[in-house]
Amino acid sequence: MKLSINKSRSLWWTISCAITLAGIISMVISWQNPEIRAPLRPSLDFVGGTRLQFERDCSKPGNCDRPIDINVVREVAKDQGLGDSSIQIVADKETRQENGILIRTKNLDRDQRTKLQSALSEKVGTFDEQKNQIDTVGPTLGRELFTSGVIALIVSFAGIVIYLTFRFQLDYAVFAIVALFHDVLITTGIFSIFGLVFGTEVDSLFIVSLLTITGFSVNDTVVIYDRIRETLKINPNQPITEIVDDAVNQTLGRSINTTLTTMLPLFAIFFFGGETLKNFALALIIGFAAGAYSSIFIASTLLTLWRERTGKSTVVETAGVTDTSLE
Amino acid sequence: MQRQRSLLALILVLVIAALVFSFKYPAPLGLDLRGGSQLTIQVKPTAQIPQITDRELEGVKKVVEGRINSLGVSEPIIQTVGVDKILVQLPGVNDPEQAERVLGGTAQLEFRLQKPNTETPLLAFQSSRFELKAKQEELKKSQDQAAINKNLEDLKNNNQAIAELFESTKPPLDGQYLTDAYGEPTQQGNNWNVAIRFNQKGGELFAELTKNLAGTGRSIGIFLDNELISAPVVGVEFANTGITGGSAVITGRFTAQQANDLGVQLRGGALPVPVEIAEIRTVGATLGQDSIKSSIYAGIGGLILVLIFMVVYYRLPGLIADVALIIYAILTWASFCLLNVTLTLPGIAGFILSIGMAVDANVLIFERTREELMAGKSLYRSVESGFYRAFSSILDGNVTTVIACAALFYLGAGLVKGFALTLGLGVAVSMFSAITCSRSLMFVAISIPALRKPELFCPNLPGSGSSNQAEVAK
């Protein structure tokens with residue numbers, strides 16, 4: 001079986017554009033949403049505030065007999081002037097019973113926090129100190145985190161362009177970056193949709209996942225490019241469409257197997273891992289899938305199109321020589 | 001073949017050394033895995049100090065250290081981050097309330113006057129304080145929380161008792177009048193002194209203070225956050241005028257280290273910069289353990305599936321890759337221990353992902369070997385060119401990943417850094433394990449005649465994949 005990816009390239013491009021567009025539309029809607037006012041639903045990490053998680057101590061007799069009434073919790077919060085906070089009842093890990101309370105509010109200082117905690121514990125039961133989770137993030141810190149993340153992303157893109165230009169040629173590097181943007185956009189787009197539909201929030205780990213996706217996806221693209229370069233060296237006169245098709249097909253087994261082997265631990269973490277890493281694993285799964293797709297269907301076909309247009313299919317370069325005569 | 005065998009022996013030695021090392025010196029666990037609180041303190045510039053420099057940050061850090069030590073938390077980590085932040089990690093502290101209370105607010109430095117006729121009690125208190133502090137250090141190692149708390153209580157009472165022996169000048173000579181303090185070597189050059197400088201108003205107050213004390217044997221009490229940090233006496237020669245000119249030298253048999261410490265402490269105490277707690281994160285100890293356990297089990301489960309997949313799909317080479325992968329995991333883990341990388345949850349994620357990268361290298365090599373076999377080359381030649389030809393792909397792929405890691409490491413903070421470090425280290429080790437290790441193993445394997453069967457390398461060799469064969473044959 002041979003896949004002629006260049007034959008139906010407009011189909012591949014349409015699929016990518018459709019998904020990317022859906023993501024962009026979702027980001028715009030999300031921006032208009034008065035509750036979110038950002039392309040993605042930001043977590044505490046970026047906007048600041050206080051997040052409290054308490055869990056009842058069920059080893060004490062009678063403490064967990066009645067289920068927690070969310071209205072009681074709301075009432076308590078309202079009494080303290082925190083009526084607009086988001087409140088959730090959450091299940092604990094061992095018993096799967098709803099013994100936990102998750103509250104997200106504006107920045108609370110120590111006194112406000114202790115007051116809230118003791119008021120709550122009076123109404124719903126004693127909390128297990130060992131399981132308390134208190135996070136407070138100042139708003140400026142969140143902004144710094146965001147900018148440093150975005151700068152890291154841009155710098156790594158630039159580094160990759162320089163390296164690929166050096167090892168391959170400028171046009172290879174440019175299309176690899178196009179593919180990277182594609183992967184990052186699709187991942188953020190899908191998370192924006194998740195934010196609208198399920199209320200999924202993005203935290204600082206999301207930026208980490210975007211950077212990892214960048215590293216992996218470019219790896220996929222490079223393997224295919226490496227094949228194109230190798231075949232071009234052996235058969236400089238073969239049409240570029242054929243060369244690219246062959247390169248993709250020869251590396252297809254590898255692309256599938258590598259994606260599969262990387263995805264296996266990720267799926268395991270997603271389904272069975274700790275709460276903290278769930279969304280991280282999910283972002284990587286989406287990003288790696290997009291990365292494998294863009295390497296096979298986008299970066300290669302764009303390169304073909306470009307080389308067809310510029311008639312440069314026969315340029316042969318050895319590794320390490322930069323292309324200065326592209327025009 | 002001799003070369004391959006000695007390489008294998010070397011790898012074996014390395015693996016054993018790595019195992020021994022990682023059991024002996026395990027990598028420290030990050031706060032998110034151990035449970036505890038993390039506070040980020042931001043130092044705010046003021047009208048007087050519009051720019052926070054290293055010198056100021058260092059001073060504030062000293063103040064923070066003093067305050068944290070008064071809490072008696074075991075193994076606190078206090079470090080400066082960026083230009084204006086101090087990170088405080090308190091393992092095992094679930095309720096950061098106490099820490100918050102002591103950390104906020106501006107430092108209180110004050111020069112006080114010793115009350116008359118208190119010389120003997122002061123000496124007694126000071127010597128018992130010395131003993132209590134020594135005991136505190138002992139207790140910290142023992143982990144006996146009750147005894148630590150008891151000792152802390154004693155120390156606090158002792159502090160209080162000492163403080164009562166001193167009185168404030170009118171108006172109090174506090175940190176706002178101090179302009180500088182630093183350690184400097186004495187004229188003879190053997191010992192170190194601490195020089196202090198006051199502004200004009202401070203100089204006048206200081207002259208007044210020293211005039212009252214000169215020659216009496218009573219001392220100036222220098223208090224930081226209400227704890228006596230130094231108690232110099234004033235020589236009789238200043239009895240008429242006091243120490244004038246707004247500068248003085250505290251002599252004593254200071255080492256360079258002690259003099260500098262006191263200087264930094266004084267400077268920090270004098271800083272009018274307010275500190276603000278910008279971020280608090282706490283993870284309950286059991287919560288940390290829950291997530292580490294389930295994430296590690298999940299990761300290991302996923303990896304076992306990968307190992308099985310490799311053997312089923314790639315046969316003998318798959319088995320060799322699995323061995324190389326296990327060697328990889330051991331070596332990488334040991335390198336974390338060696339470099340004392342603090343393991344956080346994202347760090348473990350980076351490690352698991354780097355294992356994926358290591359597998360990729362072998363997948364590339366074996367796919368290539370298969371292609372060569374299908375093109376009709378001999379087993380030995382196929383294996384050889386599989387490694388040779390896959391190398392440039394592996395190198396380019398890994399270098400780009402390392403570029404992304406480097407950007408993350410230098411520009412990112414906290415969590416992001418840990419992730420970048422483990423992933424980057426992992427990629428570096430994988431270049432060795434996936435190429436050198438599996439290559440040596442492979443050549444030793446094909447030197448055994450029983451294993452020299454192409455079908456162990458590639459199922460249904462002729463027939464299937466005929467189109468592929470045609471491609472490569474061109």
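Where a number appears in this text, it was derived from the coordinates with a stated rule and is not lab data. What you see is a predicted model; the values in this text were computed from it and never measured. With ideal geometry, Cβ positions are generated from the backbone for all residues, glycine too; neighbour counts draw on all protein chains shown.
Each Cα pair under 8 Å and six or more residues apart adds its sequence gap; the mean of these over the residue count of chain B is a relative contact order of 21 percent. Of the cross-linked pairs B:62/B:85; B:61/B:85; B:85/B:141; B:62/B:133; A:131/B:133; B:62/B:201, which ones have a Cα-Cα span greater than 21 Å in the structure shown? Over 21 Å Cα-Cα: B:85/B:141; A:131/B:133; B:62/B:201. Fewest-first ordering of A:160, A:234, B:308 by other beta carbons within 10 Å of each residue's beta carbon gives A:234, B:308, A:160. Phi angles of segment A:226-232 translate, via the Karplus equation with coefficients 6.51, -1.76, 1.60 and θ = phi - 60°, into HN-Hα couplings of 4, 5, 4, 4, 5, 5, 4 Hz per residue; Gly and Pro are given as x. Paramagnetic label reach from residue A:90 (point 7 Å along Cα→Cβ; backbone nitrogen cut-off under 17 Å): within segment B:339-377, residues B:345-346. In terms of surrounding Cβ atoms within a 10 Å radius of their Cβ, B:357, B:374 rank from fewest to most as B:374, B:357.
With unit charges on the beta carbons (Lys and Arg positive, Asp and Glu negative) and the dipole taken about the Cα centre of chain B, which residue among B:18, B:107, B:390 sits farthest to the positive side? Selected residue: B:390.
Residues whose amide H lies under 5 Å from that of residue B:81, counting only those 5 or more places away or on a different chain, are B:86, B:87; hydrogens are built 1.01 Å from N in the peptide plane. Magnitude of the charge dipole for segment A:49-137, about its Cα centre and with charges confined to Cβ atoms of Lys, Arg (+1) and Asp, Glu (-1), is about 180 debye.
The trypsin sites (Lys or Arg not before Pro) of segment A:1-78 meeting both criteria, a DSSP state outside H, G, I, E and B (loop) and at most 14 other C-beta atoms within 10 angstrom of the site's C-beta, are A:2, A:7, A:37.
Once the gyration tensor of the Cα atoms in the protein assembly as shown is diagonalised, the equivalent ellipsoid follows with semi-axes of 61, 31, 27 Å, ordered largest first.
Summing Cβ point charges (Lys, Arg +1; Asp, Glu -1) relative to the Cα centre of the protein assembly as shown gives a dipole of roughly 1680 debye. Straight-line reach from residue A:2: which aspartates and glutamates have a Cα under 12 Å away, not including same-chain ones fewer than 8 places off? Once the sequence-local aspartates and glutamates are set aside, what remains near residue A:2 is A:242, A:245, A:246, B:471. Lacking any other cysteine beta-carbon closer than 4.7 Å, the following Cys residues of chain A have no compatible partner: A:17.
Phi angles of segment B:432-437 translate, via the Karplus equation with coefficients 6.51, -1.76, 1.60 and θ = phi - 60°, into HN-Hα couplings of 6, 5, 6, 9, 5, 4 Hz per residue; Gly and Pro are given as x. Remark on residue B:166: its backbone amide H falls under 5 Å from those of B:115, a criterion applied only to residues 5 or more positions apart or on other chains, H modelled at 1.01 Å from N.
Estimated from helical segments only, the mean residue ellipticity of chain B at 222 nm is -19500 deg cm²/dmol, where each DSSP H run of four or more residues counts as -39500 (n - 2.57).
Max-minus-min Cα coordinates of segment A:49-137 on each principal axis give 32, 23, 19 Å, with the largest extent listed first. Using just the helices of chain A, give the 222 nm mean residue ellipticity in deg cm²/dmol: DSSP H runs with n ≥ 4 each add -39,500 (n - 2.57), and the total is spread over all residues, rounded to 500. Value at 222 nm, helices only: -21500 deg cm²/dmol. Derived scalar couplings between HN and Hα for segment A:238-244 equal 5, x, 4, 4, 5, 4, 5 Hz in order, rounded to whole Hz, by the Karplus curve 6.51 cos²θ - 1.76 cosθ + 1.60 (θ = phi - 60°), x for Gly and Pro. For segment A:75-160, the set of GluC sites (Glu not before Pro) satisfying both a DSSP loop assignment and a count of at most 10 other C-beta atoms within 10 Å is given as A:94. Could you give the angle, 0 to 90 degrees to the nearest 10, between helix A:110-124's Cα long axis and the longest principal axis of the Cα atoms of chain A? Orientation of helix A:110-124: about 70 degrees from the principal axis.
In terms of surrounding Cβ atoms within a 10 Å radius of their Cβ, A:109, A:171 rank from fewest to most as A:109, A:171. A protection proxy built from the mean count of other Cβ atoms within 10 Å ranks the segments B:114-124, A:20-30, most packed first, as A:20-30, B:114-124. Helices that extend 18 Å or more along their long axis by alpha-carbon positions and average at least -1.0 on the Kyte-Doolittle scale are, among the DSSP H runs of chain B, B:2-24, B:54-69, B:119-142, B:145-163, B:200-213, B:256-270, B:285-338, B:345-374, B:379-411, B:415-430. Around the amide H of residue B:112, modelled in the peptide plane, lie the amide H atoms of B:221, B:222, B:223, all under 5 Å away and 5 or more residues distant in sequence or on another chain.
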